[in-house]
Amino acid sequence: MQLTLWTYEGPPHVGAMRIANSMRDLHFVLHAPQGDTYADLLFTMIERNEKRPPVTYTTFQARDLGSDTASIFKSSCQEAYERFKPSALLVAASCTAELIQDDPMGLAKALDLEIPVVGVELLAYQRKENWGASETFYQLIRTLASPFRPAPGEKRPERQPGTRARCNVLGPTSLGFRNRDDVTEVVKLLERLGVEINLIAPLGASPEDLTHIGEADFNVVLYPEIAATAARWLERNFHQPMTKTVPIGVGATRDFIKEVCELAGIDAPSDELDSRLPWYSRSIDSTYLTGKRVFIFADATHALAAARIAHEEMGFEVVGLGTYSREQAREVREAAEALGLEALITDDYLEVEAAVAELQPELLLGTQMERHIAKRQGVPCAVISSPVHVQDFPARYSPQAGFEGANVIFDTWVHPLMMGLEEHLLRMFQEDFEFTDGAAPSHLASEHGRAVASAKREETQSEETQPKEAPSEPSEGALSWDKEAERELGRIPFFVRGKARRNTERFAADQGVNLITVETLYDAKAHFSR
């Protein structure tokens, strides 16, 4: 166990809560002490839900530990059953309650309720949030769909001629990054291909819906972190094939369409479907973005998608790729290897920050954790994945999947670079009297402006008459920049500043220069311009 101030994932019972909060007519009884009720805030404050999640906490206290905590759990189950009247009950223990070794599943079954009860063992000290969500979704499907699975050796019946292929869309959950809008976009895409939707789960599904999951011809796995385990079980038991491509990005969406058409036994559309990303990324306005160094760290689904988009569709150079999703580490390592990189697999944000500092990317694509890292290091950043903040649940339609998602991604990634360019221009002209905070509107011209300019000149003259500090002597072998050289470097546009710094330091090291001055900076520029 590692104590930390920030974490990419919560404990696994938060993952189970995400599944319960996604579904209808399902209630979750969580054996947990009073303090664990904090998780409600994730849904009511960050996701901005209209109601609190369907969770009953046993909320035992320290004084209860010497008595019968099992009876507290049983009475909580009975009260939740009578009050909320769910069609299925989910039971588990939080990381704290796991230590007292009660058996939530056994205790709930002893009540002999008239609805299905699904117990989940959440392995709180070995696993994390996404695994908890995946395991809960899998156990729900296994419990509720098992009575309807074919007998061993029985083949899946052929689809009747003239009937449309049907699919399940698996994986979207509460607190997922843009999951709500991704579902809308993917459903539109599937319906345009002529594929009928049998079920979307867990988001919006009920326990009754899950009993019909085997009626589909195949499964669309939208987020493997959540749905891959359940989809593999359905493949083994209901003979339902599953998609392997997540449709995020233009290329991936085209591959997804081809894969769906093969699974559905239909012809792929001959017309080019809509996205402005390919043209925008080739356009004159965007060519200065080509070759920009980008660092990517996210959950596995979004990290893999972002690496492909950055490398193949935007013309960026991926200089770092990593994930906190240890269960999907193999796929991320393979993608990194194809780009000539070593993947960063960690859940320690300090390791990510150190890697960003070392690689000096010009754009950081990550989570809200990386947004804070980017602020500290002055790097433009776009959020592409959970963990999320309230701003990642916008009121507007903002998918990541499908062709409209590709348009949203282009805007999301490119605007931080363009806004950074604006900030650079403002800094370049900040000494102009028209750009000071106290400047009057330019069309009113300007006694005020002349007064500000005069004050600036006096300030500058005062600085020039002050004795200059002698540059400190650098230690032997260590590179350092004098203040004037640093100031000159700051005048270089941000999107080439990192490269200019690296080239100058390489030139200085080759020349045996320890203190980098303005002359060194321009000598390096002349050297690399030959």
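Give the value in nm², to one decimal: projected area of the alpha carbon convex hull of region 133-240, averaged over all directions.
Its Cα hull, projected and averaged over all orientations, spans 6.7 nm².
Applying 1/(1 + (r/R0)^6) with R0 = 45 Å to the Cβ-Cβ distance of Arg48 and Asp510, what FRET efficiency is obtained, to the nearest 0.05?
It comes to 0.20.
In region 275-371, what GluC sites (Glu not before Pro) fall in a loop by DSSP, with at most 13 other Cβ atoms inside 10 Å?
Numbers: sites: Glu312, Glu313, Glu317, Glu327, Glu331, Glu334, Glu337, Glu342, Glu351, Glu353, Glu358, Glu362, Glu370; in loops: Glu342, Glu362.
Answer in residue order: Glu342.
In region 7-87, what chymotrypsin sites (Phe, Trp or Tyr not before Pro) fall in a loop by DSSP, with at most 11 other Cβ atoms inside 10 Å? If you can, show how the numbers build up before the last one.
Working: sites: Tyr8, Phe28, Tyr38, Phe43, Tyr57, Phe60, Phe73, Tyr81, Phe84; in loops: Tyr8.
In loop regions of region 7-87 (DSSP not H, G, I, E or B), there are no sparsely surrounded chymotrypsin sites (Phe, Trp or Tyr not before Pro).
Over all alpha-carbon pairs in region 215-274, figure out the percentage whose distance exceeds 18 Å.
39
On the protein heavy atoms, probe 1.4 angstrom, tell me the percent of accessible surface of region 113-233 carried by carbon and sulfur.
Roughly 48 percent, rounded to a whole number.
Return, ordered by residue number, the residues of region 370-412 whose backbone nitrogen is under 18 Å from a label point located 7 Å along Cα→Cβ of Leu489.
376-380
Restricting attention to region 486-527, which trypsin sites (Lys or Arg not before Pro) occupy a DSSP loop and are surrounded by at most 12 other Cβ atoms within 10 Å?
Passing both the DSSP loop test and the Cβ count: Arg491.
What are the equivalent ellipsoid semi-axes of region 37-110, built from the alpha-carbon gyration tensor (square roots of five times its eigenvalues), in whole angstrom, biggest first?
Rounded to whole Å, the semi-axes are 23, 17, 10.
Can you tell me what percent of all Cα-Cα pairs in region 1-124 are more than 25 Å apart?
So the pairs more than 25 Å apart make up 21 percent of the total in region 1-124.
Hey, got the Cα dimensions of region 151-199 along the principal axes, in Å, largest first?
39, 28, 10
Which whole-angstrom value gives the distance between the alpha carbon centres of region 242-263 and region 1-61?
Between the Cα centre of region 242-263 and that of region 1-61, the gap is 33 Å.
If the chain between Arg156 and Leu350 were fully stretched, how many nm would it gain, using 0.36 nm times the residue separation less the Cα-Cα distance?
On the way: separation 194, 0.36 × 194 = 69.84 nm, distance 5.05 nm.
Difference between extended and current length: 64.8 nm.
How far, in nm, would the chain grow between Trp6 and Tyr125 when pulled straight, counting 0.36 nm per residue and subtracting the alpha carbon separation? Let's see the in-between values first.
Details: separation 119, 0.36 × 119 = 42.84 nm, distance 1.72 nm.
Result for the pair: 41.1 nm of gain on full extension.
Say the cut-off is 20 Å between C-alpha atoms; which of Lys128/Lys375; Lys292/Lys499; Lys51/Lys109; Lys155/Lys244; Lys155/Lys258; Lys499/Lys525 go over it?
Flagged as over cut-off: Lys128/Lys375; Lys51/Lys109; Lys155/Lys244; Lys155/Lys258.
Just to confirm, what accessible area per residue do you get for region 32-119 at 1.4 Å probe, in whole Å²?
Ligands and nucleic acids excluded, the result is 55 Å² per residue.
If the chain between Asn503 and Glu334 were fully stretched, how many nm would it gain, using 0.36 nm times the residue separation less the Cα-Cα distance?
57.8 nm
The values are calculated or read from the model by the stated rules, or taken from the named source; none is laboratory data. Predicted model, so just to flag it, every value in this text is computed and none were measured. In this analysis, Cβ positions are derived from the backbone assuming ideal geometry, glycine residues included, and neighbour counts consider all displayed protein chains. Quick note on the areas: whole protein, heavy atoms, side chains included, nothing else; ligands and nucleic acids left out. Shrake-Rupley method; radii C 1.70, N 1.55, O 1.52, S 1.80 Å.
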